[in-house]
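The values are calculated or read from the model by the stated rules, or taken from the named source; none is laboratory data. Remember, it's a predicted structure, so these values are computed and weren't measured experimentally. Counting neighbours? That spans all protein chains shown, and the Cβs are built from the backbone with ideal geometry, glycine included. Each accessible area value is taken on the protein alone, full model and side chains, heavy atoms only, with ligands, DNA and RNA left out. Shrake-Rupley method; radii C 1.70, N 1.55, O 1.52, S 1.80 Å.
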Amino acid sequence: MRAPIKFRYFQRIVFFTGAGMSAESGIPTYRGAGGLWKEYNYEDFACQRAFERDPSSVWDFHDKRREMVQSKEPNPGHRIVSAVQTRQPNTIIVTQNIDGMHQRAGADPDAIAELHGSLWRLRCDAENKVRADDSVPMNPRKCSCGGYWRPDIVWFGDQLDHRVVRRAREALEECDLLVSIGTSAVVYPAADMPRYAKQAGAVTVEINLEDTAMSGLYDHHLRGKASEVLAELDAV
Ligand code: OAD
């Protein structure tokens, strides 16, 4: 494959990433063969009702995820995205991923909009507090107020943080290149957000192993592993 464009032709790039971005790190995606939601029922582990019913099981599940993610490393694709963001500082990373891999690969945390929150942040809803935490297993599970800390993740049925959405939307509306990487584009409202970039006139590129529900939105469809396609787009 010869890349139809190069990152260096653009001034304001947005990388829009999903679980396929981290697949080459050995972190399972959500759907498809080996996907997390094939093995676990999200209604038992990833929604507010499950947390209220059985916080211990929900925390056990998230501890397992924290342990797994902590044992993995950013892959060459993450490193290319971070290198572009460092070299071209108007670059913004809008991610659905909660794994923190873009940060670990060296991207500026201020240039990352985590639409679905983070495995590495905790929230106390009773006291309206949020804090970073990378302990594995997470301990103590209870806040000093007596209530449980909750992973600061957008679970099924939750609203997205409107400040993060606004940030992402602004970046998408202002970008000249949108690069979607490794998302099946079926979880809303995130799935539809690349449309802001398209409507504003950006060049749109979809990197994925296969066609997705949103492929029609993109000018270029680059099929292959994220790290390999990114290397071509970044090559001088
Ligand atoms: P999915 O698991 O739905 O989709 C992963 C996509 O990555 C698929 O389209 C794969 O074809 C593609 N893919 C896999 N390996 C790849 C590789 N090496 N290179 C390129 N593409 C690859 O994951 P998401 O679309 O991210 O929500 O899922 C969206 C949301 O659903 C997640 O953020 C999560 C989940 O429930 C929360 O955590 C709140």
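Quick notes on this one:
- Of the strands (runs of 3 or more DSSP E) entirely within segment 32-135, those holding at least 2 residues that are over 16 Å from the mean Cα position of the chain (by Cα) and aliphatic (A, V, I, L, M) occupy 129-132.
- Residue match in segment 23-45 (condition: open to solvent by 70 Å² or more (accessible area, probe 1.4 Å), farther than 30 Å from residue 11 by Cα and of a type in the set (A, V, I, L, M)): yes
- In segment 97-121, the qualifying residues are those that are surrounded by fewer than 24 Cβ atoms within 10 Å (Cβ to Cβ) and of a type in the set (S, T, N, Q), and the one that is nearest to the ligand (Cβ to nearest atom) is 118.
- Filter pass, residue 213 being crowded, with 17+ Cβ neighbours inside 10 Å, within 16 Å of the ligand (Cβ to nearest atom) and not polar (S, T, N, Q): no
- Taken over segment 216-236, the residue count meeting the criterion of being surrounded by fewer than 20 Cβ atoms within 10 Å (Cβ to Cβ), more than 10 Å from the ligand (Cβ to nearest atom) and not acidic (Asp, Glu) is 7.
- Those residues of segment 96-151 which are aliphatic (A, V, I, L, M), farther than 19 Å from residue 47 by Cβ and touching a Pro at 6+ places or on another chain (Cβ under 8 Å), in sequence order: 101, 105, 111
- Residue tally, condition within 23 Å of residue 187 (Cβ to Cβ) and not small (Gly, Ala, Ser), over segment 76-103: 13
- Residue 196 among the aromatic types (Phe, Trp, Tyr), part of a loop (DSSP other than H, G, I, E, B) and modelled with pLDDT of 95 or more: no
- Subset tally (residues that are more than 10 Å from the ligand (Cβ to nearest atom), closer than 17 Å to residue 102 by Cβ and not in a strand (DSSP E or B)) for segment 162-192: 6
So that you can scan it fast, the table gives a plain yes or no per residue for (1) of a type outside the set (Lys, Arg); (2) within 16 Å of residue 230 (Cβ to Cβ):
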site: 22; (1), (2): yes, yes
site: 28; (1), (2): yes, no
site: 39; (1), (2): yes, no
site: 49; (1), (2): no, no
site: 88; (1), (2): yes, yes
site: 96; (1), (2): yes, no
site: 99; (1), (2): yes, no
site: 109; (1), (2): yes, no
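- Those residues of segment 70-89 which are within 12 Å of the ligand (Cβ to nearest atom) and surrounded by 18 or more Cβ atoms within 10 Å (Cβ to Cβ), in sequence order: 75, 77, 78
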